[in-house]
Each structure stands twice: as C-alpha cells, then as structure tokens.
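Engineer: This is the structure I want to talk about, given as structure tokens.
The values are calculated or read from the model by the stated rules, or taken from the named source; none is laboratory data. Values in this document were obtained by computation on a predicted structure and should not be read as measured data. Backbone-built Cβ (ideal geometry, glycine too); neighbour counts: all protein chains shown. We work out accessible area using only protein heavy atoms, side chains counted, and drop any ligands, DNA or RNA first. Shrake-Rupley method; radii C 1.70, N 1.55, O 1.52, S 1.80 Å.
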Amino acid sequence: MSSVLTIRGGVPLTGRVSVRGAKNLVPKAMVAALLGNEPSILRNVPEIKDVEVVTSLLQLHGVTVVKDAVTGDLTLDPKAAKTASSAAIDAHAGDSRIPILLCGPLIHAIGEAFIPDLGGCKIGDRPIDYHLNVLRQFGAVVEKRPGGIHISAPKGLQGAKITLPYPSVGATEQVLLSATRAEGITELIGAATEPEIVDLIAVLQKMGAIINIQTDRTIRIEGVRELGGYNHKALSDRNEAASWASAALVTKGDIFVEGASQRDMMTFLNTYRKIGGGMDIQEDGIRFFHPGGKLNPLVLETDVHPGFMTDWQQPLVVALTQAEGVSIVHETVYENRFGFTEALIRMGANIQVHRECLGSIPCRFGQRNFLHSAVISGPAQLTGADIDVPDLRGGFSHLIAALAATGTSRVTGIDIINRGYERFTDKLAGLGADFDFTTDDASVSA
Ligand code: EPZ
C-alpha cells in the first residue's frame with residue numbers, strides 16, 4: 001500500500017501527545033518470553049509495525065500471542081514453541097533486525113534457529129558479525145544458508161567470557177538472551193547500557209535470571225536452568241519523545257509529551273536547553289515549547305549511552321537549520337546517517353556533510369570515506385518539496401521540516417514511519433497539523 005502525506009506547512013504544532021512503550025525494548029521483551037516455561041504479560045505496548053513483525057515471527061514458532069483489545073497488553077505463551085519452516089520465516093526477511101535476537105531463545109527452546117537476512121533502517125551497513133561471534137563463543141554452530149543463517153547448538157549453550165569491540169545494543173541483547181539459560185557464568189565486557197538494555201535486564205530478572213550490571217560496562221550473568229514468565233510495563237519511548245520535542249522547536253509550537261521520562265532523556269534535555277528550547281518537566285510527561293526569539297547553534301556529537309543518542313540527532317538537525325549561526329554534528333554511531341539531509345537541502349536548508357570527524361569522540365569512521373559529520377548554517381527559510389522517506393528517524397525529520405516549511409510538501413514512503421511512531425498521523429492531526437493523508441484506496445484530511 002503506498003501512502004502520500006500532503007502537508008501544508010507553517011502551522012505551529014500545539015497540544016498533547018502520548019508516548020507508549022519503547023520500540024527498542026518491546027520487541028526484545030517479546031522475544032525474551034520464549035525463554036520462559038510459563039506465559040508472560042507485556043504492558044504499555046505500542047501499535048507499531050516492529051511489534052507486528054515480531055508477533056508473527058513468534059507465532060510462526062508456535063508461541064501464542066494474545067493482544068488485549070482494550071489495553072493492547074500482550075500475553076505470550078511459549079509452551080508450544082516449535083521449529084518454523086525457513087520459507088515461512090523468510091517471508092519476514094528484510095522487515096526488521098529483531099529476528100537475529102531469536103537465536104539464543106530458539107536454541108534454548110528447540111535446539112536450533114533459522115534467521116532470515118535482516119532488514120532495518122538504511123543508515124549504515126548494519127552488520128551482524130558481533131552477534132555471530134557471540135553465538136559461536138557460546139558454542140553455537142553458525143551456517144550461512146540461502147536467504148539466511150542456520151544456528152544450532154548440539155550441546156546447548158555454554159557461558160563464556162565475551163568482550164565486545166563496540167558497545168553494541170543488539171550484541172548486548174544477544175548475550176543477555178543467550179546467557180540467562182546457558183550453562184555456567186557469562187561475563188560481558190564492553191556492554192551497551194542504554195535504558196532499554198536495563199529494562200530488558202529487568203524483564204529477565206522478573207523471569208528468574210541472575211544478571212549483575214557492574215562498573216565499566218561489564219555485565220555478569222549466572223546461567224539458570226529454567227526461567228518463569230514476567231509481567232512487565234515497558235519503559236516509554238524516549239526516541240519518540242525527543243522527536244516530538246524537536247517538532248515543537250521546528251514548528252515554533254508547544255507540545256506536552258505524556259510519558260516522556262526525564263531520567264531517560266537527561267542528555268537530550270541538556271542539549272534542548274542549550275539550543276534554546278523551553279521545557280516544563282512534570283511527573284506524567286514533559287512540555288516542550290519554542291519560547292520565541294532565536295535558537296542557538298550547537299556543536300554536537302552522538303555517542304552510546306549516556307551520551308547524545310544517535311536516534312535523537314536527525315529530528316534535532318532540522319531544528320539546527322533554524323538556529324542563528326553555524327552548528328556541527330559528528331555522528332559517531334552510524335557511518336551513513338545523514339542521507340536525510342539531501343531532502344532538507346532541497347527545501348532550502350544550508351547543510352554540508354563531510355568525511356572528517358568534526359569532533360573529539362574517537363570514531364570508527366574517520367578517513368574511511370563516510371560522510372558522517374555535518375555543518376549546518378541557519379536560520380534557513382524552508383519551502384515545501386516532494387520527499388521520499390529514507391529511514392525511520394530521517395522520515396520523521398522530513399515530516400517536521402515539511403510542517404515548518406512555507407508551501408506544500410508531498411511526502412511518500414511514510415509506511416517506514418509506522419515502524420516506530422504509533423498512530424503518528426492521528427497525533428499530527430491532534431496537534432493541529434494541516435495535511436491530507438491518501439492511500440491507494442482512501443483519503444483523509446486533517
Ligand atoms: C539499536 O540498533 C536500535 N535499534 C537503533 O535504533 C539504535 O540507533 C542503536 O541500537 C544504537 O543505540 C533497535 O533497538 C531495534 P548497535 P542496533 O548494534 O542494535 C555496529 C532507531 O532509529 N555493529 O548498537 O542494530 C553498527 O553497524 C534505530 O530506533 C557492528 O559493526 O545498533 C553500528 O555502527 C536505528 N556489528 C554500531 O555497531 C554488529 O554485529 C551500533 O550498532 C552489530 C553492530
């Protein structure tokens with residue numbers, strides 16, 4: 001189904017949106033349910049495509065997933081877990097990166113796994129070498145097969161001492177989901193420590209796992225033979241909250257983001273205040289607003305937690321196009337996360353991307369031909385344009401640029417945005433955006 005958003009810009013977004021469970025936790029917690037010997041309940045689950053993809057993958061493997069019609073809570077029962085045909089799994093190839101995290105739980109449940117070639121946003125090569133090396137260190141046999149990878153472990157998974165070359169979120173999750181029921185102790189050095197990782201550890205602890213987060217990015221897991229179920233409310237999506245905060249700045253609006261958590265957004269809030277954004281931090285959420293006057297340019301570097309999240313960068317770049325002066329953004333997590341600036345430049349933004357590391361954080365991409373630093377001069381008058389969404393966060397950035405631009409923009413490929421932003425067209429309408437949403441078979445005006 002192809003959809004088009006026709007956006008008439010220049011209207012400040014004002015009002016209230018609610019942000020629910022984090023896209024980068026909820027699918028992982030669903031996979032964790034496979035490790036249990038009884039049903040689990042996951043609450044605060046958003047209606048996003050990544051949840052649908054993992055629901056159907058789990059169902060393919062015999063897990064029953066029942067969604068509460070009112071609350072959206074999921075009840076997951078792994079007792080009938082079974083091997084799925086690789087053809088059936090392959091139908092999900094390219095939809096997301098989550099399937100690689102099924103390896104450990106499937107090996108514990110049924111002794112093997114077939115993982116289709118992965119999808120996910122095109123913001124870099126997105127390799128899985130760390131994941132495969134981790135699985136081999138647990139004793140798994142990894143075989144490349146047409147369309148995907150077959151993983152098995154005839155003797156089960158054994159605890160290991162693992163050092164990650166980079167604090168990869170996915171590879172850390174791979175270790176957690178494999179080690180909790182592996183034989184013996186696993187020590188993970190160089191782990192990611194994002195709030196979503198800590199929330200996944202909380203889920204596993206509720207199931208009976210023994211996981212210690214130690215100092216200097218070391219996590220120690222004592223394998224246990226069995227795990228029970230969990231009943232867990234997912235932490236809220238700080239990336240979606242940051243996206244709406246940037247939208248308030250870009251459109252000179254005022255948005256209360258219900259569910260936004262100060263604790264998980266500390267670095268973002270400091271940056272937001274430095275750029276000149278207004279905020280009012282409450283218990284049930286955060287109000288983000290443009291206080292009037294000028295926005296300040298910034299020198300910004302993305303990093304792993306507790307640094308400035310790479311997922312916050314793209315929407316904030318649109319705000320930097322409106323700041324008075326020159327800003328610099330050094331993207332150190334992904335090598336190719338500035339592709340979205342091409343459309344912004346067509347809309348009138350003044351952005352130059354560079355191969356050099358324009359910052360002090362040690363970076364894997366310097367002198368390797370990756371355009372991973374951006375210089376942004378503002379303020380720039382944005383005018384409407386035709387835009388095809390390149391990735392999830394870049395797509396949201398295009399939406400808010402179109403909402404701030406003078407004139408009309410036609411935005412296509414917006415189904416990508418459904419992967420991570422729950423009911424975003426309803427939310428835009430609720431905030432007063434002026435747009436028409438047409439699909440092949442219907443059209444809706446806001
Ligand atoms: C997760 O991706 C998130 N996705 C990303 O959010 C987020 O940007 C990223 O973590 C970093 O915080 C989900 O949780 C579904 P990584 P992940 O492994 O796990 C390299 C969004 O917009 N790497 O931490 O795939 C990799 O190429 C998305 O919500 C390897 O080289 O990220 C990257 O340069 C985008 N080999 C770096 O590590 C590997 O085997 C960080 O990747 C794995 C990763």
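Engineer: Counting each DSSP H run of 4 or more residues in the chain as -39500 (n - 2.57), what helix-only mean residue ellipticity at 222 nm follows after dividing by all residues, to the nearest 500 deg cm²/dmol?
Structural biologist: When only DSSP H runs of four or more count, the value is -8000 deg cm²/dmol.
Engineer: Nearest 10 degrees is fine. How inclined is helix 266-275 to the longest principal axis of the chain, computing both from alpha carbons?
Structural biologist: The two axes meet at around 10 degrees.
Engineer: Accessible area per residue, 1.4 Å probe, Å², for the chain: what's the number?
Structural biologist: 38
Engineer: Would you mind calculating the gained length between Q214 and M266 on full extension (0.36 nm times residue separation, minus the Cα-Cα distance), in nm to one decimal?
Structural biologist: Answer, rounded to one decimal: 16.6 nm.
Engineer: Could I ask something else about it? Output the pairs from K252/K274; K28/K122; K49/K82; K79/K233; K23/K82; K233/K427 with a Cα-Cα distance over 18 Å in this structure; if there are none, say none.
Structural biologist: K28/K122; K49/K82; K79/K233; K23/K82; K233/K427
Engineer: Oh, and also: Within the range 216-265, list the trypsin sites (Lys or Arg not before Pro) lying in a DSSP loop whose Cβ has at most 10 other Cβ atoms in a 10 Å radius.
Structural biologist: Taking the range 216-265 and a limit of 10 other Cβ atoms within 10 Å, the loop trypsin sites (Lys or Arg not before Pro) found are R225.
Engineer: How far is helix 169-179 tilted, in degrees, relative to the longest principal axis of the Cα atoms in the chain, given as a value from 0 to 90 rounded to the nearest 10?
Structural biologist: It works out to around 20 degrees.
Engineer: A further question follows. Starting from the Cα-Cα distance between Q59 and T383, subtract it from 0.36 nm times their residue separation and give me the gain in nm to one decimal.
Structural biologist: 112.1 nm
Engineer: Among DSSP beta bridges lying fully in the chain, give the percent that are antiparallel, nearest 5.
Structural biologist: 75
Engineer: Related question: For the range 1-27 and the range 195-244, what is the separation of their Cα centres, given in Å?
Structural biologist: After rounding, the separation between the Cα centres reads 27 Å.
Engineer: I'd like the FRET efficiency for E38 and T71, computed as 1/(1 + (r/R0)^6) with the beta carbon distance as r and R0 of 22 Å, rounded to 0.05.
Structural biologist: Given R0 = 22 Å and the Cβ-Cβ separation, E is 0.60.
Engineer: How long are the semi-axes of the equivalent ellipsoid of the chain, taking √(5λ) for every eigenvalue λ of the Cα gyration tensor, in whole Å from largest down?
Structural biologist: 37, 24, 20
Engineer: What angle do you read, to the nearest 10 degrees and between 0 and 90, between the alpha-carbon axis of helix 195-207 and the longest principal axis of the chain?
Structural biologist: Approximately 30 degrees, to the nearest 10.
Engineer: Could I ask something else about it? Which chymotrypsin sites (Phe, Trp or Tyr not before Pro) from the range 305-351 combine a DSSP loop assignment with at most 12 other Cβ atoms within 10 Å?
Structural biologist: Qualifying residues, ordered by number: none.
Engineer: Gap in Å between the Cα centre of the range 385-440 and the Cα centre of the range 356-380?
Structural biologist: 27
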